[in-house]
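The values are calculated or read from the model by the stated rules, or taken from the named source; none is laboratory data. Quantities reported herein were computed from a predicted structural model and do not represent experimental measurements. As a convention, Cβ positions derive from the backbone with ideal geometry for all residues, glycine included, and neighbour counts pool all protein chains shown.
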Amino acid sequence: MTVILEAVHVSKSFPRRGGVLRRQLGAVQAVERVSLALGTGESLGLVGESGSGKTTLAKLFIGLLRPTEGEVLVRGASWFRLRGGERLAARRTVQFVFQDPMNSLNPRMTVEEALSEPLSIHRLAAGASRRARVDALLELVRLSTSYRRRLPRELSGGERQRVGIARALAVEPAALICDEPIASLDVSVGAQILELLRALCRERRLALLFISHDLRAVASLCRRIAVMREGKLLELAPTEQIVNRPGHPYTTLLLRSAELDLDQA
Amino acid sequence: MSTPLLTVENLSVSYQGRGEEAVRAVEGVSFTVEPGEVLALVGESGCGKTSVALALTRLLPSSAAVSGRVTIDGLNTLEAAADSLRAIRGGTIGYVFQDPAASLNPVLTIGEQLVEAITLHTEARGASAGHLAVEWLQRVGIVSAEERLHAYPHEFSGGMQQRVCLAMALAAQPALLVADEPTTALDVTVQVQILRLLRDLQRSLRLSVLLISHDLTVVERIAHRVGVLSAGRLVELGPTDQVLRQPQHPYTAQLLQYRNMISLRPNHQ
Ligand SMILES: Nc1ncnc2c1ncn2[C@@H]1O[C@H](COP(=O)(O)OP(=O)(O)OP(=O)(O)O)[C@@H](O)[C@H]1O
Ligand SMILES: Nc1ncnc2c1ncn2[C@@H]1O[C@H](COP(=O)(O)OP(=O)(O)OP(=O)(O)O)[C@@H](O)[C@H]1O
Ligand SMILES: [Mg+2]
Ligand SMILES: [Mg+2]
C-alpha cells in the first residue's frame with residue numbers, strides 16, 4: 001500500500017466573533033492536531049457529530065483550506081508548496097464529493113458539460129470518446145443518459161448528488177474524499193453507490209475517505225473507522241474493533257442509536 | 001374525524017424540458033394531513049417527493065405544469081391570488097427545503113434571519129424577538145446559541161445550517177410544517193433531539209407535519225401514516241406500522257429489503 005494523502009498534526013481554527021459588531025472573541029478550533037494517512041485501495045470512514053470538524057478536515061485534505069498548524073501531504077509533498085503543473089496533477093489525484101451538491105455544481109452547466117469539463121481540463125478524452133465516457137459515468141451512478149442536457153436545478157436532490165459523484169470519478173482519481181455522499185439518497189440508490197465505491201477500492205485500488213454520520217453505511221463499506229468529536233480524533237481502529245469493542249462512550253452511543261427512544265429524556 | 005388541514009386531490013406535476021419530452025414527475029396523487037398528524041412521504045430518488053412539496057404553495061419553476069386541487073386551511077392554493085399565497089407561506093405553512101445552504105441568505109447573520117421570520121409571523125418584536133431567536137437555536141441543539149446568533153451561514157457546518165432552517169420554519173409558528181429531508185446531515189444523537197422537538201410541538205400545539213424522508217428509521221420513529229411514491233404515483237398509503245411491517249406494494253417491500261442490506265456487519269472483503 002502506498003500512502004497517497006497524509007495529514008500530519010493538522011489544525012484549523014476560525015476566528016470566533018460575537019456581538020453585533022462581530023468583534024473577534026477568540027477562535028473556534030474546528031480541527032485540532034489530527035494525524036491520518038490514507039493509502040491505495042484503502043477505505044477509511046470518518047464519523048462524528050454535527051459540527052465536530054469532519055467537513056473542515058475534508059477541506060484540509062483536498063488543499064482547499066490552509067491549515068493553521070501542521071500540513072497535509074499529497075504523495076509526500078505539502079499542498080501549499082506545489083506549483084503549476086504539480087498542483088494540477090495533485091488536483092487530478094485527489095477528487096472530492098461535497099456535502100452540498102447545489103453549491104458544488106455550476107448552475108449554468110448542463111450535466112454533460114459538468115462531466116466533460118474535468119476530462120478536457122486534464123486532457124483525458126475528446127470528441128466521441130469523451131461522449132462515451134460521459135455516458136459511462138452516468139450509468140455508473142444510475143442516471144439515464146437522457147439527463148445529459150439538464151441543468152442542476154432541473155434535477156432532484158439525489159440526482160444532483162449523483163452527478164457530483166460522477167464528476168469526481170471522471171478523471172479516475174487515486175483518492176476520493178466523499179463528504180456525506182449518500183445522505184440525500186434513498187436506501188436503494190444509496191446501497192448501489194456504496195457498492196460502486198466498494199468495487200472501486202477493490203478493483204481500482206482507490207483510496208477512499210468516506211465521511212458520514214451513518215455508522216451503518218460506514219461500517220459496511222470501510223475497513224477502518226475514525227471517530228471525531230470537537231475537532232479531535234477520538235479513536236481510529238479497524239471496523240471490527242469499533243463495532244465490537246468501541247473505545248469511547250460517544251462511539252457506543254452511535255452504535256446503539258437504533259435503541260434511542262424519543263420518549264426518554 | 002376533524003377536517004384535514006391539508007387536502008391534496010389528484011395532483012399532477014410535469015416539467016417541460018428544453019428539447020426533450022416533458023417529465024411527468026407527479027401523477028394523480030391524493031392524500032390528506034389532519035391537524036396534529038405526521039404524514040411521511042418516502043420513495044426512491046427522483047420519484048417526485050420534492051415536486052409534491054413545492055407544488056402545495058406553487059413554488060415550482062415556471063417550466064412546471066401543475067394540475068389537481070390543493071386545500072390548505074380552507075385556501076385553494078393552486079387557484080389563490082399571489083398575495084394570499086404569500087401570506088400563508090412561512091406563516092400557516094412552514095418549509096424546510098432539501099438544500100439548507102441554498103435556502104439561507106448568505107449576507108445576513110443567522111440571528112437577523114431568525115428575527116426576521118419571528119417579527120414577520122408572530123407578535124414578538126425587538127428584544128423579545130431576539131430572545132426567541134436564541135431560544136429556537138437552543139431548541140435545535142446549537143451550542144453557545146447567543147454568540148452564534150452573529151455568525152453568517154457559511155460559518156456553520158452542514159448539519160448546523162440544516163437545523164437553523166428548521167428553527168426558522170418553526171419560529172414562525174406554522175400550523176403545517178413541510179420538511180424535505182430535514183435530518184439528512186445529522187448524526188443520530190442530534191437527530192433524536194430534533195425528532196423529539198417535532199413530536200413535542202405536534203403534541204402540545206397540534207403541529208401537522210408533512211415529512212419527506214428516505215430514512216425509514218426516522219419515519220418509523222415519528223410518522224403516524226406513510227405514503228410511498230414510486231415514479232410519481234402514490235402506490236401505498238397507510239398507518240406506519242402496517243406499511244413498514246406488511247408492505248402491500250412490491251416497491252415498498254423492496255425499500256425495506258434494501259434497508260436491511262446495509263448492516264453493521266463489515267462487508268468489505
Ligand atoms: N468558515 C468558517 N468560519 C467559522 N467557523 C467555521 C467555518 N467553517 C466551519 N466552522 C466551524 O467549525 C466547526 C466544525 O465545522 P464542520 O463543518 O467541519 O463540521 P462537520 O463535522 O462537517 O459537521 P456536519 O456533520 O454538521 O456537517 C463548527 O463549529 C463550525 O461552525
Ligand atoms: N425543473 C425540472 N425540470 C425537469 N425535470 C425536473 C425538474 N425538477 C425535477 N425534475 C425531475 O422530476 C422528477 C422528480 O423530482 P423530485 O425533485 O420531485 O424528486 P425527489 O423524489 O424529491 O428525489 P430526491 O429524493 O432525489 O430528492 C425527477 O426525475 C427529476 O429529474
Ligand atoms: Mg459537514
Ligand atoms: Mg427531493
Original post:
Taking region B:215-269 only, how many residues are modelled with pLDDT of 90 or more, within 13 Å of chain A (Cβ to nearest Cβ) and assigned to a loop (DSSP other than H, G, I, E, B)?
Top reply: 3
**OP:** Please work out if B:Ala81 is within 16 Å of ligand 1 (Cβ to nearest atom), among the aliphatic types (A, V, I, L, M) and without any contact (Cβ under 8 Å) to a residue 12 or more places away in the chain.
**Re:** no
Original post:
Of the residues in region A:7-51, how many are at the interface with another protein chain (Cβ under 8 Å from one of its Cβ atoms) and within 16 Å of ligand 3 (Cβ to nearest atom)?
Top reply: 6
Subject >> Filter result (at pLDDT 90 or above and among the aliphatic types (A, V, I, L, M)) within region A:106-142 >> reply: A:Met109, A:Val111, A:Ala114, A:Leu115, A:Leu119, A:Ala132, A:Val134, A:Ala136, A:Leu137, A:Leu138, A:Leu140, A:Val141
Subject >> Residue list for region B:198-214, filter: at the interface with chain A (Cβ under 10 Å from one of its Cβ atoms) and part of a helix (DSSP H, G or I) >> reply: B:Leu198, B:Arg199, B:Asp200
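So that you can scan it fast, the table gives a plain yes or no per residue for (1) within 16 Å of ligand 3 (Cβ to nearest atom); (2) surrounded by 24 or more Cβ atoms within 10 Å (Cβ to Cβ); (3) within 10 Å of chain B (Cβ to nearest Cβ); (4) of a type in the set (Phe, Trp, Tyr):
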site	(1), (2), (3), (4)
A:Ala183	yes, yes, yes, no
A:Ser188	no, no, yes, no
A:Gln192	no, no, yes, no
A:Leu200	no, no, no, no
A:Phe210	yes, yes, no, yes
A:Arg229	yes, no, no, no
A:Glu240	no, no, yes, no
A:Asn244	no, no, yes, no
A:Gly247	no, no, no, no
Original post:
Are any residues in region B:169-195 more than 22 Å from B:Lys49 (Cα to Cα) and aliphatic (A, V, I, L, M), and if so, which ones?
Top reply: B:Ala171, B:Ala172, B:Val188, B:Val190, B:Val192
Subject >> Test result for A:Thr145, out of contact with any helix residue (DSSP H, G or I) (no Cβ under 7 Å at 6 or more places or on another chain), of a type outside the set (A, V, I, L, M, F, W, C) and within 27 Å of B:Leu54 (Cα to Cα) >> reply: no
**OP:** Please find, among B:Ala64, B:Ala101, the residue that is crowded, with 19+ Cβ neighbours inside 10 Å, more than 13 Å from ligand 2 (Cβ to nearest atom) and among the small types (Gly, Ala, Ser).
**Re:** B:Ala101
Original post:
Taking A:Leu57, is it within 12 Å of the chain's Cα centre (by Cα), modelled with pLDDT of 95 or more and within 28 Å of A:Leu234 (Cα to Cα)?
Top reply: yes
**OP:** For residues that are over 20 Å from the mean Cα position of the chain (by Cα) and in contact (Cβ under 8 Å) with a residue 40 or more places away in the chain, tally how many sit in region B:117-152.
**Re:** 6
Subject >> Where A:Arg66 falls short, out of the listed (1) within 13 Å of ligand 1 (Cβ to nearest atom); (2) surrounded by 18 or more Cβ atoms within 10 Å (Cβ to Cβ) >> reply: (2)
Subject >> Hits in region B:26-59 (condition: farther than 25 Å from B:Arg86 by Cβ and more than 11 Å from ligand 4 (Cβ to nearest atom)) >> reply: B:Glu27, B:Gly28, B:Ser30, B:Glu34, B:Gly36, B:Glu37, B:Val38, B:Ala40, B:Val42
Original post:
Given the structure, is A:Ala58 free of Cβ contacts under 8 Å to residues at least 24 places away in the same chain and among the hydrophobic types (A, V, I, L, M, F, W, C)?
Top reply: no
**OP:** Pull up region B:145-186, narrow it to residues that are more than 9 Å from every other protein chain (Cβ to nearest Cβ) and of a type in the set (S, T, N, Q), then point me to the one that is nearest to ligand 3 (Cβ to nearest atom).
**Re:** B:Thr183
Original post:
For B:Thr189, are the conditions met, namely being of a type in the set (Ser, Thr, Tyr), surrounded by 21 or more Cβ atoms within 10 Å (Cβ to Cβ) and within 14 Å of chain A (Cβ to nearest Cβ)?
Top reply: no
**OP:** Could you please let me know if A:Arg108 is more than 16 Å from ligand 1 (Cβ to nearest atom) and either assigned to a helix (DSSP H, G or I) or at the interface with chain B (Cβ under 9 Å from one of its Cβ atoms) (or both)?
**Re:** no
Subject >> Test: residue in region A:103-119 that is closer than 22 Å to A:Leu5 by Cβ and free of Cβ contacts under 8 Å to residues at least 60 places away in the same chain >> reply: yes
Original post:
If you take the residues in region B:135-144 that are surrounded by fewer than 18 Cβ atoms within 10 Å (Cβ to Cβ) and not in a loop (DSSP other than H, G, I, E, B), which one is nearest to the other protein chains (Cβ to nearest Cβ)?
Top reply: B:Gln138
**OP:** Return only the number of the condition from (1) among the basic types (Lys, Arg); (2) modelled with pLDDT of 95 or more; (3) buried (at least 16 other Cβ atoms within 10 Å of the Cβ) that B:Arg69 does not satisfy.
**Re:** (3)
Original post:
For region B:103-126, what are the residues that are within 13 Å of another protein chain (Cβ to nearest Cβ) and part of a helix (DSSP H, G or I)?
Top reply: B:Ser103, B:Ile110, B:Gly111, B:Glu112, B:Val115
Subject >> Flag if A:Leu25 is farther than 20 Å from A:Ser78 by Cβ, away from ligand 1 (no atom under 16 Å from the Cβ) and free of Cβ contacts under 8 Å to residues at least 12 places away in the same chain >> reply: no
Subject >> Subset of region A:148-164 that is free of Cβ contacts under 8 Å to residues at least 40 places away in the same chain and facing chain B (nearest Cβ under 8 Å) - its residue that is farthest from ligand 2 (Cβ to nearest atom) >> reply: A:Arg149
